[in-house]
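Everything on this sheet refers to the single structure shown next.
Every number here is computed from the coordinates shown, using simple stated rules; none is lab data. Predicted model, so just to flag it, every value in this text is computed and none were measured. Here Cβ is always computed from backbone atoms with ideal geometry, including for glycine, and neighbour counts include all displayed protein chains.
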Amino acid sequence: MRAMILAAGRGERMRPLTDTKPKPLLKAGGLSLIEWHIKRLVDAGITQLVINHAWLGPQIEDALGDGRRYGANIAYSREDTALETAGGIARALPLLGKDPFLVVNGDIWCDWDPKNADRAASMILSRDLQAWLLLTSNPAHHPDGDFSLDDEGMLCTTSGPESFTFTGIGVYRPEFFSNVPPGTPAPLAPLLYQGIEMRRLAGEYYNGLWIDVGTPQRLAELNSLLSSGSHL
């Protein structure tokens with residue numbers, strides 16, 4: 001399986017830290033956010049990685065290189081301006097192959113084991129679905145959540161107390177993005193809602209550690225957590 005790490009965002013809420021450094025290169029616990037992802041993916045046996053970038057993208061390539069020192073092979077999908085999530089993935093499709101692939105937001109930290117992505121991919125294929133999303137409990141800054149799950153593990157659009165938050169981790173079939181013109185900015189949400197309406201999207205709840213590292217305060221909290229080792 002191949003994996004894509006989304007790293008093209010400007011990181012407006014993280015300013016001024018992101019004025020001179022792309023958000024995925026901000027550090028917590030001694031490693032940059034993107035290095036935590038690379039390490040976890042490689043430990044899970046996923047070594048063929050694609051990283052997209054736009055804002056200060058050359059810094060990401062300079063920092064990570066070809067991935068060899070991490071035990072990975074990194075290919076880069078360069079965007080002149082950020083194409084949003086679906087647009088960025090669509091542009092990178094030639095690098096991701098024909099099989100289901102894992103996508104991870106570059107600005108989160110999560111202890112979910114990517115080894116489970118193979119099981120999600122097999123389920124997608126066996127049930128003729130388009131995607132699988134990892135969900136978690138709603139954090140204080142996102143109390144209404146994004147989606148809920150029915151008894152068959154299919155995603156529903158219900159929000160509120162019975163809902164969960166999308167972690168930014170998902171497994172997708174390439175054809176899920178086939179109608180997104182390459183090079184065109186496109187958000188992911190409309191594709192997800194369309195897939196839910198067609199009952200082609202599954203999901204799974206995860207009760208482990210997940211942090212949306214969207215502000216300097218949450219970055220500092222993550223750094224304190226990782227530095228203390230209390231997450232182990």
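In straight-distance terms, cross-link reach from Lys21 covers every one of the aspartates and glutamates whose alpha-carbon lies under 20 Å from its own, apart from those fewer than eight places away in the same chain; here that gives Glu12, Glu35, Glu61, Asp62, Asp66, Glu79, Asp80, Glu84, Asp107, Asp212, Glu221. Bridging of Lys27 to lysines at a Cα separation below 24 Å is possible for Lys39, once same-chain residues fewer than 8 apart are set aside. Of the peptides 21-33, 207-219, 139-151, the ranking by mean beta-carbon count within 10 Å, highest at the top, reads 21-33, 207-219, 139-151. Spatially, region 136-181 and region 1-72 are offset by 23 Å when compared through their Cα centroids. Under 13 Å Cα-Cα from Lys115, which aspartates and glutamates qualify once same-chain neighbours fewer than 8 residues away are excluded? Cα-Cα hits under 13 Å: Asp43. Taking 0.36 nm per residue of separation and subtracting the current Cα-Cα distance, fully stretching the chain between Lys115 and Thr215 would add 33.1 nm.
Remind me, relative contact order of the chain in percent, using alpha carbon pairs under 8 angstrom and six or more residues apart? Reported as a whole number, the value is 25 percent. Backbone amide hydrogens, once placed in the peptide plane, bring Arg2 within less than 5 Å of Leu102, excluding anything fewer than 5 places away on its chain. Taken one residue at a time, the phi angles of region 66-71 give Karplus couplings (6.51, -1.76, 1.60, θ = phi - 60°) of 8, x, 4, 6, 9, x Hz. Gly and Pro are set to x.
Using the average count of surrounding beta-carbon atoms within 10 Å as a protection proxy, the listed peptides 116-128, 49-61, 75-87 rank, highest first, as 49-61, 75-87, 116-128.
Calculated on C-alpha atoms, the gyration radius of region 117-231 divided by its Kirkwood radius gives an Rg/Rh of 1.01.
What does the highest-first list of 68-74, 191-197, 130-136 look like by mean Cβ count within 10 Å?
Working: 68-74: 14.3, 191-197: 17.1, 130-136: 23.6.
My ranking of the peptides, most packed first, is 130-136, 191-197, 68-74.
Largest first and in whole Å, the equivalent-ellipsoid semi-axes of region 2-227 read 25, 21, 17, each the square root of five times a Cα gyration tensor eigenvalue.
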